[in-house]
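Some notes on the structure that comes next.
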Amino acid sequence: MPNASHGSLHYQAQHCPCRAPLSLLFLLALFATPASAQRERGELQIEVRDPQGQSAAAAAELVSESNQVKRNFAIPADGRYLASELAFGVYRLTVAAQGFAPWSALLDVRSEVPVRVAVVLGVAPVNMKIEVTDAATILDPSETGTIYSLGSEALREHTAAQDGRDLSDAVNDQPGWLYEANGVLHPRGSEYQVQYVLDGMPLTQNRSPAFAPSLDAGDVESMRVMTAGFPAEYGRKLGGVIELATEKNPPEGWHGRIEAGGGSFDSLSGTAEIGYTAGKNHLEFGGRGFHSDRYLDPPVLQNSTNWGNGNGFSAAYEHDFSERDRLRFTIARSETRYTVPNELVQQAAGQRQDADNTEISGQIYFQHISSENLLWTFSGSVRDASFALRSNDLATPIMVSQDRGYREGYARADVAGHAGHHDWKAGVDSLFTPVHEALIYRITDPSQFEPGTALQFAFAERHWDIEPAFYVQDNFHQGNWNVSAGLRFDHYGFVASESALSPRVGISRYIDRCKMLLHFSYDRVFQTPAMENILLASSAQVSSLNPAVLRLPVRPSRGDYFEGGISQALFAKLRLDANIFRRNFRNFADDDVLLDTGVSFPIAFNKARVFGEELRLAIAEWHRFSGFLSYSNQSAIAQGPTTGGLFLGSEAGDALTNTGKFAVTQDQRNTVRASVRAQIVKRAWAAATADYGSGLPVALDPTSIDMNFLLAQYGLGILSRVNFDRGRVQPNFSLGAAFGVELYRKESRSLNLQIAAANLTDRVNVVNFAGLFSGTAVATPRSAGAHLRFVF
């Protein structure tokens, strides 16, 4: 591996195609060992009648401040309505019909078993007025941990400066989360341990822009983010969980949306979606595309060779056979093509690297309610992900060509029930994933590498990854006490073979007179290694790379998570969350780079400890204002020796003997974020944001830094933002602003314009610098964009 002072282009690659037939694996996903969905969502089955017991049409509103949900909907003449995909919590339902008194009540959604709501409207007295407040929904008294929720309005108004980062930017605003290069999210010090859950289906591979096509933020109705208190149904990747739910309550008839945007870096984007609902059938089609001249985070200010194009389409069909049986099927395809940004030396040489990643997926879901207190779900999915990278002949110091990927089959079955004070759930799941990796490189500048390093290398290998699991969990509610308890079993059978039992427990006490929730949780986690290039790092073929080679199988990471906290409602409009946490790891997961190829692969260290505090004050709606202020303090320390991964040359000699402690690349001690939104008039709003970070570590040996080489590689503008004496990049700071206006509204049709600007002071913010584990990345300079959204 090159000397650390040379740095490395930390490009993070994705996957290449396997040749197994897609149809065969789809059948496997349907008929193989069933699996458990990751979903903490329920539904309300609403039935409205008049005083004589006849069905009645009505208008209704459903609100939960803690989940950032505010739905307005019409109940048809048959008096029946299904409000689905509701995150667990407390909701206020208000029903109104002409000539009748308004009806309002608080409802608890704590299980996937549907909650039946019988609304009987009374005759309205003369001059009757009902006062409804949402203060009772600011906190969920049944929670045993802190969950940060974002509703559809917050997500629509959160426009990222760079394409593909709308959702991840919204997650990054939450306490305990921070970015590294190229939009890679790190929750509470964890590397590559983020799990997305899209409509109940887990996505455990890295979803940052360089790894996979982005998810469409416009499709997402709600998002929940959690870093502790995980139910036992969540597994495999548990640094943090991002749960996404798409719209499941479309209006009758034709409906859809059209979006278009553009801005700095010659960015253009467009989305179109159309759907049709008739009775028990719903059909949806969508397509999108984008172009940007700044897709990844470049390592220099010049932003050379850094364009990206993307496109995708999706289709979904849902049918309710009855009130008890529901079937949903979705398919999607997306592709992103981009160039890898160069350092100064590479740009001068004429280097160009082109990347292409493609993802095709299909999902089927079936739900059956066998009684008022018992629900069964069965589902399966298949996802084919591929990646290709090509260097031209002028690449320096190395030319690389890579093709890799996987075809993941996933299947599950689970059962959820309600009995007295208990809401319980149990299930089984399994992954079936054939993985393929192929790599060819040729060194063009041998002076950048240690003596004896092979000048050429070729690698190709295939292997199956099979990961079965099962779980049981129970949530107990008695008075103001809540207890969640669960047990999960996982088996990992890829480059290593290990199994584990993971107990989880959470307890909370709600103090009603103080509107305060005290909670504590313990999570035992078993986290599988990152799939990217793990076959390469584990292969005996790499012994030819250097006379000194160390290969250690990358085993799953095991951890103990502790969190204690307080959630406090203040003045019926404010919510304060304060948490302290500690995470202890064995086989702590990180990543490294193969020579100077930019091809990253997983490694592991003996142990690590992450601890800190988090504060967040949120204003739901105070007069015309809303917003939040958050602060995170975190320390993340790892300790050798190395327990997994590939090491060459001098690194191989130190890997097994170095037991020293060091700050992990995600160790940013202080992070502050703030946002304030003002509803200027009924149809116009404005917002301002601020972000501060004290800076990430610089993993360079101060005794061997070659400043002349670094200057030639990155330029003075980057080096001036690094504190070499302190061993960290300089603190980063950014101000942003946004403005939105509703240009038109009539019935269900609306047209909205939004304008946003980022980094108003045009400050140079270096995210990472010249580390073997993190590379160099520069955050977005001053930029602006506009977005137009038409809904019908």
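The values are calculated or read from the model by the stated rules, or taken from the named source; none is laboratory data. These numbers come from a predicted model, not from an experiment. Virtual Cβ from ideal backbone geometry, glycine too; neighbours counted across all protein chains shown. Areas reflect the complete protein model, heavy atoms only, side chains present, ligands, DNA and RNA absent. Shrake-Rupley method; radii C 1.70, N 1.55, O 1.52, S 1.80 Å.
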**Q.** On Cα atoms only, tilt of 22-31 relative to the major axis of the chain in degrees
**A.** 50
Q) Quick one: Cα convex hull volume of the range 45-100, Å³ per residue? A) 81
Q: Find the centroid of the Cα atoms in the range 699-752 and in the range 250-299, then give the distance between the two in whole Å.
A: 28
**Q.** Furthest towards positive pole of dipole, Gln363, Asn584, Val120, structure part the chain, Cβ charges
**A.** Val120
(Q) What are the ³J(HN,Hα) couplings of the range 495-503, residue after residue, when phi is run through the Karplus curve with 6.51, -1.76, 1.60 and θ = phi - 60°? Round to Hz, x for glycine and proline. (A) 7, 10, 10, 8, 9, 7, 9, 10, x
Q: Quote the Stokes-Einstein diffusion coefficient, in whole µm² s⁻¹, for the range 227-381, based on the Kirkwood radius over alpha carbon pairs, a temperature of 20 °C and a viscosity of 1.002 mPa s.
A: 111
(Q) Under 8 Å for C-alpha pairs, at least 6 residues apart: give me the relative contact order for the range 61-211, rounded to a whole percent. (A) 18
Q: Compute the accessible area per residue over the chain, keeping the other protein chains in place, probe 1.4 Å, unit Å².
A: 37
Q: Sort out for me the Cα centre separation of the range 461-520 from the range 141-182, rounded to whole Å.
A: 23
Q) Using the eigenvalues of the Cα gyration tensor, what equivalent ellipsoid semi-axes result for the range 367-423 when each is taken as the square root of five times the eigenvalue, whole Å, largest first? A) 51, 12, 6
**Q.** Partner lysines for Lys746 [C-alpha distance under 28 Å; skip if fewer than 8 residues away on the same chain]
**A.** Lys70, Lys129, Lys248, Lys280, Lys682
(Q) Students sometimes get this wrong: rank Ser600, Ser497 by accessible area, probe 1.4 Å, all chains present, largest first. (A) Ser497, Ser600
Q) Taking the range 729-792 as the region of interest, what is the percent of Cα-Cα pairs per 5 angstrom bin, listed from the shortest bin to the one with the maximum distance? A) 4, 15, 17, 13, 12, 11, 9, 8, 6, 4, 1, 0
Q: Compute, for Val698, the solvent-accessible surface of its heavy atoms (probe 1.4 Å) with the complete set of protein chains present, and express it in square angstrom to the nearest 10.
A: 20
Q.
I want to check the label-to-label distance for Ser401 and Asp725. Put each point 7 Å from Cα in the C-beta direction and report it in nm to one decimal.
A. 5.0
Q: Quick one: pull the percentage of alpha-carbon pairs in the chain with a separation above 53 Å.
A: 10
Q: Please report, in whole Å, how far the alpha carbons of the range 515-612 spread along each principal axis, starting with the longest.
A: 67, 24, 18
Q. At q = 0.15, 0.16, 0.19 Å⁻¹, what log₁₀ I(q)/I(0) does a Debye calculation on the Cα points of the range 399-491 give, no solvent, two decimals?
A. -0.76, -0.80, -0.94
**Q.** Accessible area of the chain belonging to carbon and sulfur atoms, whole % at 1.4 Å probe
**A.** 59
Q. Could you sort Arg683, Arg524, Arg609 by accessible area so the largest value comes first, with the probe set to 1.4 Å?
A. Arg683, Arg609, Arg524
Q | q = 0.23, 0.26 Å⁻¹: log10 I(q)/I(0) that the Debye formula gives for the range 635-708, counting C-alpha atoms only | A | -1.12, -1.20
Q: Translational diffusion coefficient, Stokes-Einstein: compute it for the range 635-789 using the Kirkwood radius over C-alpha pairs as Rh, at 20 °C and 1.002 mPa s, and state it as an integer in µm² s⁻¹.
A: 113
Q: At a temperature of 4 °C and a viscosity of 1.567 mPa s, determine how fast the range 463-547 diffuses translationally according to Stokes-Einstein, using the Kirkwood radius over alpha-carbon pairs as Rh; express D in µm²/s, rounded to the nearest whole number.
A: 79
(Q) If you count only protein heavy atoms and use a 1.4 Å probe, how large is the accessible surface of Arg110, to the nearest 10 Å²? (A) 70
**Q.** Calculated log₁₀ intensity ratio I(q)/I(0) where the Debye formula runs over C-alpha points of the range 84-126, q = 0.30 Å⁻¹
**A.** -1.09
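List the GluC sites (Glu not before Pro) within the range 68-170 that DSSP assigns to loop and that have no more than 10 neighbouring Cβ atoms inside 10 Å.
Taking the range 68-170 and a limit of 10 other Cβ atoms within 10 Å, the loop GluC sites (Glu not before Pro) found are Glu131.
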